[in-house]
Amino acid sequence: MNSVFFIVLAAAAALAPGSSKSSESGSWLTGSFESNTILYHQDNKTSAIVPDSHFGSNNYLKLDYNSGKFTAGLQLEAYEPVLVGYPSELSSAALTNYYVSWNDDDFGITAGTFYEQFGSGLLFRTWEDRALGMNNALMGARITYNYKDILSAKVIYGLPRFGMDISGTQVKGADFSFSPSRLLGLNNIYLSLEGSLLNRYEWLSADYELDGCKSGTTGFSGRVNFETGGFYFKGEYVDAGEKYYYDPLYDGSGNMYLKKRGNAQLIETGYNARGLGIGLSLRRLEWMSSQNVNGNPSTLNMLNYIPAMCTQYTYMLTTLHPYSSRTGDVGVGFVNSGEMGGQLDVYYNFRRGTLLGGKRGTKVHANFSTYYTIAREGTFRPGNLLFRDFSADMEKYWNKQFKTILLYSYQEYNPTYGADNSTWKSHIAVADMLYKFSKSFSTRLELQYLHTLSDKKDWVAALLEVNFAPRWSVYVSDMYNLGLTKINYYNGGFAYTKSRTRLSLSYGRYKSGYICSGGVCRQIPAYTGLNLALTTSF
Amino acid sequence: MKIKSVLRFFVSVSAFLLSICSFAQLPSVKIDNLKGEQINTNSLLDDGKPMIISFWACTCKPCIQELDSINENLPDWLEEADFKVVAVSTDDARFSAKARSLAQGHGWEDFVQLYDKNQDFMRAMNVSVTPQVFVLDGKGNIVYSHTGYVPGSELELLDAIKGIE
């Protein structure tokens, strides 16, 4: 592994002197490095997972060279070995991504690996999310063209990355956008009409062919975006092409695979004015899982983006039962074609000097999210409740030193993913208090409580953070189950930051559960260990 | 053995990083503005003003805290230097509508708001964690940056801007 890195580092270092003169010549080198290393150890109390190596390390080095309209870059990844809970496809070291690109104001061409998204990503998205281990960048080519700000078009072709390799699935696509309001020179309204086409081709085995399944399938999406005076409306319809699911009831006669057609509808609308933001999203999904490799159960196996559209919390106890979207389930005795639901967000800033605003203003926010299974395939009838959350939070500076955030959340979570209508109901309260002793010295205390009659019953948690700006931050936290397990999930550590480099060291006990990022979750086992993380860029 | 190879890797990367200088500039990337129109990041240089570019996300509490602090200090800072603040939401498509509402609800009307829904700008600037803040001069040269936020670290931004003039 090291020899690959050394060669690249040497090459990059050779380019670096050029970058130091770059201000005049318009060429420069940038890059970033991220490393996350954990030393695991035995913890009988939580049945923590300890890999054979007792050690895991995920590392990413990214370099980009810019020269006028030309850009080239690469990414090296090393999993030595991969951290516990990450997809097992990630292993050892490799040059995983590389590209060259030329762009001017109208034309652009990229060859190599690239990230792309059509519309909201329901039809197609390639992206990277290191918290999930996700990187499905397309290896191929992309051509983009735009005529002023009236018309734009993209054409793509490539094979998506899967783990450390490139999969054999071919993806061809095109995306168009046209703005009549720009054509007419209207300034106070913005309207654009957009559309995409996507063809996915994967050679399928004889089993599939016998059932009439095809190797190639084409999907499309149509979209409208409208904005005027703070009001906005976005609508999207997606036909995601044919999907094939193994039928668990297959008994040797009839078809082994069920044929479904993916479709989705999305509406996002809202109104934003000074100090006020209101947003409503409504979405319905049916058979929308678009896979890179058909039937592979890996969490990396995605070619589109179906996030959970609800609040993603950061406080410990609010994330115990996170929601993941249902894109269609086929089980024995249970078939659910997808989900439907929506969320409403309201943000309001009570200005300074008003009764509720006080001297320094008060920020309030409320969210309501609710999602159901689809009662009957092909309809808009809601079935069992999958997830519901109502939350409200208030942020207020009481004086120059003291700030509080108070949060309440009522969550209902269906542990059977909609197979029946039983739910776990929990009430969560959080008080987050910040006190600034001086311009550079502050402390923050979080107190949290979760009350529920289900699962492991009540939880309590606390976190204390001490900050010495701009370099040091130290914290200790504990999460304790008052109900069934009576286990402490303690954690403590510090972070040191200088310019664009951040180094953190922490030790703690982590419970099994989910890590969510961008509305997509992956399951993690319990582990206990020492975590060293470094990020830097230049 | 593994630990040794990772340590060797750490040392080599660190040595390399020390050997290069940071003269990076504003890259040219297409990105959505508040209305949902696509603009080129080059157009941020049209008025020739220095700028603070802050990468944030709805799920990143320190980012929101930092932008709130900048917003609170902005009237005073503008008396000392002429510059603009660009807040780049790195939220995916699922949160770009929420990010717009949050920005309004936090009173960030004076910021230039950009929405980087597939993180193209974020990647081009080599941001791997948020919050990350840059200070650029009027020609687009990066003169200062920092990652992470603790209350008080925003004060370095004004010093960096004043250093340009």
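The values are calculated or read from the model by the stated rules, or taken from the named source; none is laboratory data. Everything quoted here is computed from the prediction, not taken from an experiment. Here the Cβ is made from the backbone with ideal geometry for all residues, glycine too, and neighbour counts use every protein chain on show.
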Of the numbered conditions (1) in a strand (DSSP E or B); (2) under 25 Å from A:Q312 (Cβ atoms), A:K457 fails exactly one; give the number of that condition. (1)
One residue from A:V82, A:V100, A:V50 being under 20 Å from A:L138 (Cα atoms) and of a type in the set (A, V, I, L, M): A:V100
Among the numbered criteria (1) assigned to a strand (DSSP E or B); (2) within 14 Å of chain B (Cβ to nearest Cβ), which one does A:V330 miss? (2)
For residues that are more than 9 Å from A:H451 (Cβ to Cβ) and more than 12 Å from every other protein chain (Cβ to nearest Cβ), scanning just segment A:423-438, find the one that is surrounded by the most Cβ atoms within 10 Å (Cβ to Cβ). A:T423
Pick out the one residue from B:E37, B:E109, B:E80 that is among the charged types (D, E, K, R) and either closer than 25 Å to A:F350 by Cα or at pLDDT 95 or above (or both). B:E109
Residue satisfying condition, being assigned to a loop (DSSP other than H, G, I, E, B), under 26 Å from A:F176 (Cα atoms) and polar (S, T, N, Q), within set A:S120, A:S88, A:S53: A:S120
Restricting to segment B:132-144, count the residues that are in contact with a Ser or Thr (Cβ under 8 Å, 6 or more places away or on another chain) and surrounded by 23 or more Cβ atoms within 10 Å (Cβ to Cβ). 4
Failed item, numbered, when A:Y410 is tested on (1) away from chain B (no Cβ under 14 Å); (2) more than 19 Å from A:E286 (Cα to Cα); (3) free of Cβ contacts under 8 Å to residues at least 24 places away in the same chain; (4) part of a loop (DSSP other than H, G, I, E, B): (4)
Checking A:A78, A:A94 in turn, the sole residue that is surrounded by 22 or more Cβ atoms within 10 Å (Cβ to Cβ), at pLDDT 95 or above and within 22 Å of A:T535 (Cα to Cα) turns out to be A:A78
Any idea which residue in segment B:64-102 is farthest from B:Q38 (Cα to Cα), counting only those that are part of a helix (DSSP H, G or I) and facing chain A (nearest Cβ under 7 Å)? B:L102
Given the condition among the charged types (D, E, K, R) and within 14 Å of another protein chain (Cβ to nearest Cβ), answer yes or no: does some residue in segment A:285-305 qualify? no
If the Cβ limit is 8 Å and pairs must be 6+ apart or interchain, which residue in segment B:34-50 that is touching a residue at least 12 places away in the same chain (Cβ under 8 Å) and of a type in the set (S, T, Y) pairs with which residue that is assigned to a loop (DSSP other than H, G, I, E, B) and surrounded by 18 or more Cβ atoms within 10 Å (Cβ to Cβ)? B:T41/B:L26; B:T41/B:P27; B:T41/B:S28; B:T41/B:V29
Subset of segment A:123-152 (residues that are aliphatic (A, V, I, L, M) and outside any strand (DSSP E or B)): A:L123, A:A131, A:L132, A:A137, A:I150
Of all residues in segment A:443-472, which are modelled with pLDDT of 95 or more and hydroxyl-bearing (S, T, Y)? A:T443, A:Y449, A:T452
Of all residues in segment B:62-75 being without any contact (Cβ under 8 Å) to a residue 60 or more places away in the chain, under 15 Å from the mean Cα position of the chain (by Cα) and surrounded by fewer than 21 Cβ atoms within 10 Å (Cβ to Cβ), which is farthest from A:T362 (Cα to Cα)? B:N71
Taking segment B:109-125 and keeping residues at the interface with another protein chain (Cβ under 10 Å from one of its Cβ atoms) and free of Cβ contacts under 8 Å to residues at least 60 places away in the same chain leaves B:E109, B:N118, B:Q119, B:R123
Mind checking which residues of segment A:24-54 are within 11 Å of another protein chain (Cβ to nearest Cβ) and buried (at least 20 other Cβ atoms within 10 Å of the Cβ)? A:W28, A:L29, A:T30, A:G31, A:S32, A:F33, A:S35, A:T37
